[in-house]
Each structure stands twice: as C-alpha cells, then as structure tokens.
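The values are calculated or read from the model by the stated rules, or taken from the named source; none is laboratory data. The structure presented is a predicted model; accordingly, all values stated were derived computationally and were not measured. Neighbour counts are summed over all protein chains in view; Cβ atoms, including those assigned to glycine, are modelled from backbone coordinates with ideal geometry. Accessible surface areas use protein heavy atoms only, side chains included; no ligands, DNA or RNA. Shrake-Rupley method; radii C 1.70, N 1.55, O 1.52, S 1.80 Å.
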Amino acid sequence: MIRALALFVAIFVTALTTATLPVLAQDNKELVTSFTLDNGMQVIVVEDHRAPVLQHMIWYRTGSADEPRGVSGVAHFLEHLLFKATDTMEAGELSATVAANGGRDNAFTSYDYTAYFQRVAADRLELMMRMESDRMVNIRLTQDNIKTERDVILEERNTRTENSPRALFNEQMNAIQYFNHRYGVPVIGWKHEMVTLDLEDALSFYRTYYAPNNAVLVVSGDVDPKEVHALAQTYYGVIPANPDLPERARSQEPPQTAARRMTYRDARVAQPYVSRSYLAPERNSGEQEKAAALFLLAEILGGGTTSFLTEKMQFETQIAVYTGVFYSGQSLDQTTFDMIVVPAEGVTLQEAEDAMDAALVAFVQGGVDPDQLDRIKMQLRASQIYARDNVDGIANRYGRALTTGLTIADVQAWPDVLQAVTGDDIIAAARDVLRPETSVTGWLMRDEGENQ
C-alpha cells in the first residue's frame, strides 16, 4: 500500500527551455517547472489542469526578522501599504479588480517572508502579473497613507494582541526564548516602535527588499509553463535587479545554558495553562532528517486524541483537559519545539508541569510504539496526497520552502524523508532537543488573588 501511494507523491522538476517541456509521469498529479529570469527572479510553475483556476503568488525573501532594529513592524506595515496607489492603479484598485473578476486576494507577513497572492480563473493570469509587477516597483505613498495605515496596524495589534492574554503571553515567551535573534520580536511589532513608523521607514524597506532578485513567483493550477515564462518575461523580466541587495545575515542566539521561566498574570485569563518551548533545529536544505524526526516526535507526543501525552495525562491520570505539541521547522534560522498542557479542574499548574515532565521521561525511556509510528506515517502520506487538490496549499508549500532556505528538491524529498524516520531517530531527537537548559517554561495565570 505504501509503495502504491508513493507513486502519487513523486514530483518531477525540470528547467524550462523553449524547445523541451517536461513530460508528466504516469500516475503523477503534480508537475513542477522552474526557471530564473535574467534579473534573478525565480519562477515556479506547478501544473494542475483539473479545474480552470490558478494561484498567483509573489514571495519576497524578507520578513520581520530582517527589519532594522528600532523599526519593528515595518515589514507588516509595508504589506498593508502595498494595497495603496501605484503609477497606474488607484488605492484599492488591485483588490477591487480581483474581486470583479471573481477571485480573491490577500497578503501575509512572517518572520522570514512576505507574500502576496491572487486566486482567479486561469485566463486572468496576465492581468494578475501586470498588477503585481506594477506594485513591485511603482508604489506611490503619501503622508496620509502612512497615518491611515499606521492607525490600522495599531488597531490590529490592539485587537489581536493587547486584547488577548494568550497573545501577550506568547509574545513574552518568544522574547525570553530569543535573547539576540529577531524571532524574539513580534511580527506585528512592539507597540512603542509601531507608533513611530514613518514614510521613510516604509520606503527604505521597500527599496531594499522589494526587487525581482529577492522574489519568488509561484503560479499553481491550470497553467502552461510556456505561457507563464512568456508573461513573466514581459511583466517581471523588465524590472531591474537591486545590485545592492544585502546579504541575509542575522544576529544568532548565544548558547542557552540555563532553563528560563516566566509567569504571566492577567485578570482576563479564562483558562490557566503551562507552556514549554525548547530551542530546536530548523529544516535545512539537504539535511532534513533531524527536522523530520522532530516533526514525527511532535505528532507522537501531542498530535491528536491518540497521542502519548493525551493518553497519559487526559485519559490515564486525568491531570489535563488538553495537551498539544507543535513543531514546524519551516524557518530560516533556529526554531522551537513547543508544548501546552491545560490542567483539569482542581489541578495546579505545578502539578500539571510535573506530570508533563514525568510523561516525557517515561516516553524517552519506553521508546516509540512501532504501530503508532506506522499509523502516523500512513496518515501523513494520505494527507500529503489530499493536500495536492488545493492550489492555494501547493503554492504556499513551495513559496514557504524557497524563502526559508530550502529548494524544490527538498520539497520533493520531504515525504520520503518522513517515511524513512525510525523510532530510534525520534528518541535520539527527543534526547537532543528536550533538554531543560534550552527551555522556557511559562505559566499563564489569572491575576493576583486567584488560588493556583
């Protein structure tokens, strides 16, 4: 069964030439074509002709972790500003045009990338490229734009962060985990720095990072690679590269040699809980095995109702009403391995934390259940196949990888790397990462006066 399923997840990548196009292999539903324009812009085309729709995405290899110190939030601020006027479009015209053509568009900013996308009918590709390439180079900002959108992002922070004890707690956890790296600064920015963002801050970031040689175009869906190549040359290929694009160098974390703790109290907390994060390696190009072991470790420990912590803490001892473990690994620099335990009624946070630690020790000593590992691998294989029915997800998968230091070959290899992980690999990864000296433990509590 696994061998049969593997036929569906094989991916073929080839460079586009004017004479030869890639040939779709039998039983394969996904074909990837890659080429680079003369100005350094990378273009990825993922064909899926089952429905006449496409996803057009521009990914910039820059995010909040690339911001200069003192102007936190400028990457996200600029994302908002790119929906303003350009040389040829009025403010809001791009989104209005997408909607008028029956599509949808949006954008998002992370630590390592900023992405803009439109999902439209397949025959609207040229229109999308014309508009998106225009705002890559021709944005026109005013002081009124700055004031209006600065108020918008401040209100966004008020709504999503200031009004959420959990968000404030997580923000402090990250700041304590990362002493030196910009991952310790929230993507949306620190409020006291957001209020000072100005026109020059936005334009400086735009002129530095919004260039074709710092961008990846991903087009997925009912598209012809030759057509994408021709249109990309026409609209993006004429934009000059930035010869002064800075190297993507970031300050790194010093070795963490002592466990860190914090307590966050807020009268609005409805459900106290324990959170734990460990510094952990990210997925690295050509060396994804450790990340794969950590990914499976997270699934085994806290990936659902049959996970190890759920069985131990929710069903056997009834210490907790919820347990969760999370690891992505999709980041340019060192990431975290995270877990949450929400104690049952009458259980203190200390009792919940002690039970979590005891369960982790028991897991490492007992090893991985082979049947559980096989079951999880089969579920992952199935989910990877189903995910290929979604042009949004396909474009996201490639764009996120290519802006965090991975390659198309790494994306191709990931399903098989996961399948090759053994129980011993997972235990070795657990011993290496789940060490107290690299951890931050946080308690989210109700305000003073509550009995914890």
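Here segment 377-391 is the region considered, the condition is being among the polar types (S, T, N, Q) and open to solvent by 60 Å² or more (accessible area, probe 1.4 Å), and the residue that is modelled with the lowest pLDDT is ASN390. Of the residues making up segment 109-126, one or more are assigned to a helix (DSSP H, G or I) and open to solvent by less than 50 Å² (accessible area, probe 1.4 Å).
Just one of the numbered conditions (1) within 18 Å of VAL216 (Cα to Cα); (2) modelled with pLDDT of 95 or more; (3) out of contact with any Leu (no Cβ under 9 Å at 6 or more places or on another chain); (4) open to solvent by 10 Å² or more (accessible area, probe 1.4 Å) is not true of PRO52: (1). All conditions but one from (1) open to solvent by 40 Å² or more (accessible area, probe 1.4 Å); (2) farther than 30 Å from ILE408 by Cα; (3) at pLDDT 95 or above; (4) touching a helix residue (DSSP H, G or I) at 6+ places or on another chain (Cβ under 9 Å) apply to LYS290; the one that does not is (2).
For segment 405-452, filtered to residues that are within 20 Å of the chain's Cα centre (by Cα) and polar (S, T, N, Q), the residue that is modelled with the highest pLDDT is THR407. Would you tally the residues in segment 279-332 being outside any helix (DSSP H, G or I) and closer than 27 Å to GLU345 by Cβ? Residues flagged as outside any helix (DSSP H, G or I) and closer than 27 Å to GLU345 by Cβ within segment 279-332 amount to 15. Filter segment 199-233 down to the residues that are in a helix (DSSP H, G or I), touching a strand residue (DSSP E or B) at 6+ places or on another chain (Cβ under 7 Å) and either among the hydrophobic types (A, V, I, L, M, F, W, C) or within 19 Å of ASP48 (Cα to Cα) (or both) and list them by number. Of everything in segment 199-233, those that are in a helix (DSSP H, G or I), touching a strand residue (DSSP E or B) at 6+ places or on another chain (Cβ under 7 Å) and either among the hydrophobic types (A, V, I, L, M, F, W, C) or within 19 Å of ASP48 (Cα to Cα) (or both) turn out to be PRO225, VAL228, HIS229, ALA232.
Listed here are the residues, each with its yes/no results for (1) under 25 Å from ASN174 (Cα atoms); (2) touching a helix residue (DSSP H, G or I) at 6+ places or on another chain (Cβ under 9 Å); (3) open to solvent by 40 Å² or more (accessible area, probe 1.4 Å); (4) among the polar types (S, T, N, Q).
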| residue | (1), (2), (3), (4) |
| --- | --- |
| PHE315 | no, no, yes, no |
| TYR327 | yes, yes, no, no |
| MET339 | yes, yes, no, no |
| ASP354 | yes, no, yes, no |
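Checking each residue in segment 392-430 for being of a type in the set (D, E, K, R), open to solvent by 30 Å² or more (accessible area, probe 1.4 Å) and out of contact with any helix residue (DSSP H, G or I) (no Cβ under 9 Å at 6 or more places or on another chain) picks out ARG400, ASP424.
Scanning segment 137-169 for residues that are under 22 Å from the mean Cα position of the chain (by Cα) and in a helix (DSSP H, G or I) gives ILE153, GLU156, ARG157, THR159, ARG160, THR161, ARG166, ALA167, LEU168, PHE169. The residues listed here are THR348, THR335; of these, the one that is hydroxyl-bearing (Ser, Thr, Tyr), more than 30 Å from ASN180 (Cβ to Cβ) and touching a residue at least 12 places away in the same chain (Cβ under 8 Å) is THR348.
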